[in-house]
Amino acid sequence: MKALIQRVRCARVEVAGEVVGAIDQGLLALVGVEPQDTPASVAKLVHKLLNYRVFSDVEGKMNLSLGDVGGGLLLVSQFTLAADTKSGLRPSFSSAAPPALGAELFELLVEQAQAKHPQVATGRFGAEMQVHLVNDGPVTFLLES
């Protein structure tokens, strides 16, 4: 399971012109599920998302987590994140989980995150989404579980 996280000042996801998820300061996580992922992968990724220290302390060092700053978490499913791009000029999606497994594990990720963090928003699995964000830094990391 992969998550491309971006520290944001604000972010929102729209589907057909309707805002379906939004946060102020926090993390936007674009999430890709792979065939070998399991509920254990989900638990590990939730722990990383909530505890990864990417926010600045008073000295300007990245020492604070999402919980430390009271930020929001916006989770957006993105199967293209699991694409194989090693060869050729067209991505292969054979390394992405089938839609049913992807949906199941993404929903588990959302449930576990909501159980542990008070501000969790999401996009809509499988929908055509427009993601708007103001990247803070910019700060972007690829997390893998």
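The values are calculated or read from the model by the stated rules, or taken from the named source; none is laboratory data. In this text the structure is predicted, and so the values were computed from the model without any measurement. Heads up, the Cβs are rebuilt from the backbone with ideal geometry, glycines too, and the neighbour counts pull from every protein chain shown.
Looking only at residues in the range 75-113 that are surrounded by fewer than 18 Cβ atoms within 10 Å (Cβ to Cβ) and small (Gly, Ala, Ser), which one is nearest to Ala127 (Cα to Cα)? Top of the filtered list is Ala103. Scanning the range 41-58 for residues that are touching a residue at least 24 places away in the same chain (Cβ under 8 Å) and not in a strand (DSSP E or B) gives Ser41, Val42, Ala43, Lys44, Leu45, Val46, Lys48, Leu49, Leu50, Tyr52, Val54. Checked against the criterion of being more than 18 Å from Ile5 (Cα to Cα) and either at pLDDT below 95 or not aliphatic (A, V, I, L, M) (or both), the range 73-84 contains one or more residues that satisfy it.
Matching residues to (1) touching a strand residue (DSSP E or B) at 6+ places or on another chain (Cβ under 7 Å); (2) within 26 Å of His132 (Cβ to Cβ); (3) not acidic (Asp, Glu):
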{"site": "Asp68", "(1), (2), (3)": "yes, yes, no"}
{"site": "Leu74", "(1), (2), (3)": "yes, yes, yes"}
{"site": "Ala83", "(1), (2), (3)": "yes, yes, yes"}
{"site": "Arg90", "(1), (2), (3)": "no, no, yes"}
{"site": "Ser94", "(1), (2), (3)": "yes, no, yes"}
{"site": "Leu101", "(1), (2), (3)": "no, no, yes"}
{"site": "Leu105", "(1), (2), (3)": "no, yes, yes"}
{"site": "Val110", "(1), (2), (3)": "yes, yes, yes"}
{"site": "Ala115", "(1), (2), (3)": "no, no, yes"}
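Applying the selection to the range 1-36, what residues are touching a strand residue (DSSP E or B) at 6+ places or on another chain (Cβ under 9 Å) and assigned to a loop (DSSP other than H, G, I, E, B)? Don't jump to the end; show me each part of the working.
First, pick out the residues of the range 1-36 that are touching a strand residue (DSSP E or B) at 6+ places or on another chain (Cβ under 9 Å): 1-15, 17, 19-34.
Scanning the range 1-36 gives Met1, Gly17, Asp24, Gln25, Val33, Glu34.
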